[in-house]
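Single-structure report; data block below.
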Amino acid sequence: MKKNVLLMILGVGFLSACNNPEGDVENDTMSEATADSAVVYDDERGRVEADAVEIIDVGEDFWAGIDWDAPVTEDPEMKEAGVEVRASNEYNIYGMDDKVLFDTDKAEIRPEGEEKLQQIAEEIKSLPPNGPIRIFGHADARAGNEYNKELSADRANAVKDWLQNKGGIDANRLSIEAMGETAPRATNETARGRQLNRRVAIVAVTREPQQ
């Protein structure tokens, strides 16, 4: 569909040039593009269109390769808020165990959790606006795999909806992944380990991944 639209745009531009042979091509810059006469440009941050910045498509392999043990950053405000921030040269990871956001076996965000998400949302707004964001929901292994996956999906969706509706984050940047019990950080044999495994992680791309 995009290819057909692009061909139509190029066709309109060609006809306009024929009807106006004295047209000045030097004015054909990104700042001159409008929603009515869009000119498509490719640059190192992805495709930029007339009315908005298109979100980088990093592909599923990128998300599967997230390094959950990336270095922890020194962010006193986030640490005080109960949010662990890790960072690579391509993304930030904002991690919270479930008790920060939810009551037991629930997917409604608590008022205290909203305060944490607001801090994260404000920091995300300082990042490049075309970086995708994925919310990963995790569970421990006490219940069945199907239940755990469903609960982690509901919680990830709750965070996604909050970031969109209350955090002011572009919905086009947001996606979720329900991990269930498949990626534990600790043993499920202890209460502390299970607590660490019940978590939500928000991964925000900070620059276009290297190929």
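The values are calculated or read from the model by the stated rules, or taken from the named source; none is laboratory data. Computed from a predicted structure; not experimentally measured. Here the Cβ positions follow ideal geometry from the backbone for every residue, glycine too, while neighbour counts run over all protein chains shown.
What number of residues in segment 114-133 are touching a helix residue (DSSP H, G or I) at 6+ places or on another chain (Cβ under 9 Å) and either over 18 Å from Asp75 (Cα atoms) or of a type in the set (A, V, I, L, M, F, W, C) (or both)?
10
Out of all the residues in segment 129-143, is one or more touching a residue at least 24 places away in the same chain (Cβ under 8 Å), β-branched (Val, Ile, Thr) and part of a strand (DSSP E or B)?
yes
Six or more apart or on different chains, Cβ atoms under 6 Å: show the pairs whose first residue is in segment 80-95 and in a loop (DSSP other than H, G, I, E, B) and whose second is aromatic (Phe, Trp, Tyr).
Pairs that qualify, where the first residue is in a loop (DSSP other than H, G, I, E, B) and the partner is aromatic (Phe, Trp, Tyr), are Val83/Tyr94.
Got at least one residue in segment 173-181 being surrounded by 15 or more Cβ atoms within 10 Å (Cβ to Cβ), over 22 Å from Lys116 (Cβ atoms) and modelled with pLDDT under 85?
Yes, segment 173-181 contains at least one residue that is surrounded by 15 or more Cβ atoms within 10 Å (Cβ to Cβ), over 22 Å from Lys116 (Cβ atoms) and modelled with pLDDT under 85.
Taking segment 150-168 as the search range and keeping residues that are within 20 Å of the chain's Cα centre (by Cα) and surrounded by fewer than 18 Cβ atoms within 10 Å (Cβ to Cβ), which one is modelled with the lowest pLDDT?
Asp154
Taking the condition of being within 19 Å of Glu60 (Cβ to Cβ) and of a type in the set (Val, Ile, Thr), how many residues in segment 131-181 meet it?
Result for segment 131-181: 3.
Ser126 - would you say it is modelled with pLDDT of 85 or more, polar (S, T, N, Q) and in a loop (DSSP other than H, G, I, E, B)?
yes
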